[in-house]
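Beneath this line is the structure, given in structure tokens, with notes to follow.
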Amino acid sequence: MPNIKSAEKRVRSTERKSSVNRATKSRVTTLERNFGDLIKGGNKDEATALLPKVTSAYDKAAKKGVYHQNKADQKKARLTRSLNSLN
């Protein structure tokens, strides 16, 4: 337990930020998993419709600092490549 008032405030703010980061990561992961399931199933039309939502979620997460911008760009490129590899 923190003994200093500023340390107590840091604990509260860290809990808030962790909660927001966890929710953001969960949303991105869910979208990515759904996209992957569509790719595995061969549903190119549905995957094409979902790709902008996934990329937007990665961009928003990178903007908030949840993910590094380079990681978000790498993920978006790999997802796009997997979509383009479908016939």
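Each value in this text was obtained by applying a stated rule to the coordinates, not by laboratory testing. Worth saying up front: this structure is predicted, and the values here are computed from it rather than measured.
Give me the count of lysine pairs in segment 23-84 whose alpha carbons sit under 18 angstrom apart, restricted to pairs 8 or more positions apart or on different chains.
24
Suppose only helical runs count, i.e. DSSP H with n ≥ 4. What mean residue ellipticity at 222 nm does that imply for the chain under -39500 (n - 2.57) per run, divided by all residues and rounded to the nearest 500 deg cm²/dmol? It would help to have the intermediate numbers written out before the result.
Numbers: 3 runs with 74 residues, N = 87.
The per-residue figure over the chain is -30000 deg cm²/dmol.
Which whole-Hz couplings ³J(HN,Hα) result when phi for each residue of segment 62-78 is put into the Karplus expression 6.51 cos²θ - 1.76 cosθ + 1.60, θ = phi - 60°, listed in order with x for Gly and Pro?
The phi angles translate into 5, 5, 7, x, 5, 10, 6, 4, 5, 5, 5, 5, 5, 5, 4, 5, 5 Hz.
Enter the Cα centre distance for the pair segment 58-77 and segment 28-56, rounded to the nearest angstrom.
17 Å
For the chain, compute Rh as the Kirkwood radius over C-alpha pairs and then the Stokes-Einstein diffusion coefficient at 25 °C and 0.890 mPa s; write the answer in µm²/s, rounded to an integer.
Estimated diffusion coefficient is 169 µm²/s.
Work out, step by step, the length gained on full extension between Asn34 and Arg22: first 0.36 nm times the residue separation, then minus their alpha carbon distance; give nm to one decimal.
2.5 nm
Over the chain, calculate the relative contact order: mean separation of alpha carbon pairs under 8 Å at least 6 apart, over the residue count, as a percent.
Relative CO of the chain lands at 27 percent.
In angstroms, what radius of gyration and Dmax does segment 48-87 have, counting Cα atoms only?
10.5, 35
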